[in-house]
1. State, as an integer percentage, the relative contact order of the stretch 83-179 based on alpha-carbon contacts under 8 Å between residues 6 or more apart.
2. Calculate for the chain the 222 nm mean residue ellipticity that helices alone would give, adding -39,500 (n - 2.57) per DSSP H run of length 4 or more and normalising by residue count, nearest 500 deg cm²/dmol.
3. Once you have the Cα-Cα distance between residue 158 and residue 106, take 0.36 nm times their residue separation minus that, and quote the gain in nm to one decimal.
4. Give me the number: length gained by fully extending residue 168 to residue 19, i.e. 0.36 nm times residue separation minus the C-alpha to C-alpha distance, one decimal in nm.
5. Run the simple label-point estimate for residue 97 and residue 85 please: 7 Å along Cα→C-beta, distance reported in nm.
6. Rounded to a whole number, what is D in µm²/s for the stretch 19-92 from Stokes-Einstein with the Kirkwood radius over alpha-carbon pairs (20 °C, 1.002 mPa s)?
7. If one computes the Cα centroid of the stretch 16-56 and of the stretch 85-148, what distance in Å separates the two points?
8. Students often get this wrong, so try it: which of (1) 96, 13, 10; (2) 26, 19, 16; (3) 38, 19, 16 is semi-axes √(5λ) of the Cα gyration tensor in Å as calculated from the structure shown?
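None of the figures in this text is laboratory data; all of them are computed from the coordinates on show. Everything numeric here is computed off the predicted structure, so don't read it as measured data. So basically every Cβ, Gly included, is an ideal-geometry build from the backbone, and we count neighbours across all protein chains shown.
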């Protein structure tokens with residue numbers, strides 16, 4: 001897959017990897033990060049099972065909880081579902097023309113549309129929350145064997161879960177920490 005991580009630096013002392021997202025991107029991990037971590041977990045026989053993503057406003061960790069489940073996910077949803085730019089490099093997103101890309105994008109768009117901050121001065125926050133909801137949807141609905149944890153204000157990482165509801169005929173989607 002051409003993962004952004006060099007396995008040359010992984011040794012018996014390595015337990016996790018990490019990376020940051022710059023201010024021009026979104027804080028949460030990308031679908032590409034999911035594929036990369038899952039493949040590292042498989043190729044290192046479970047030695048690497050966590051990927052920390054740090055950002056100025058939020059910190060996340062992806063945790064591989066079931067390598068076999070990830071292998072099944074990968075078989076059913078190969079890397080060809082990841083979007084590439086004109087140079088053939090992965091963008092980080094799912095291909096919006098793939099079935100999984102269309103599905104996940106629809107959840108993100110619905111979450112964004114239902115957010116009262118959408119189209120206001122807080123639009124970026126609505127986009128971040130919609131992207132987070134679609135990511136948690138991807139992880140849970142497609143059985144990736146990977147869980148997303150988010151650092152709370154007390155410094156604790158909590159697993160995120162996806163929820164949906166219908167209010168006045170409008171479907172809403174969100175992610176929130178498990179209690």
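1. 21 percent
2. For the chain, the value works out to -10500 deg cm²/dmol.
3. Numbers: separation 52, 0.36 × 52 = 18.72 nm, distance 2.55 nm.
Contour length minus the Cα-Cα distance gives 16.2 nm.
4. 49.5 nm
5. Result: 1.9 nm between the two label points.
6. 162 µm²/s
7. Spelled out, the Cα-based centre of one part sits 16 Å from the other.
8. Label (2) holds the value from this structure.
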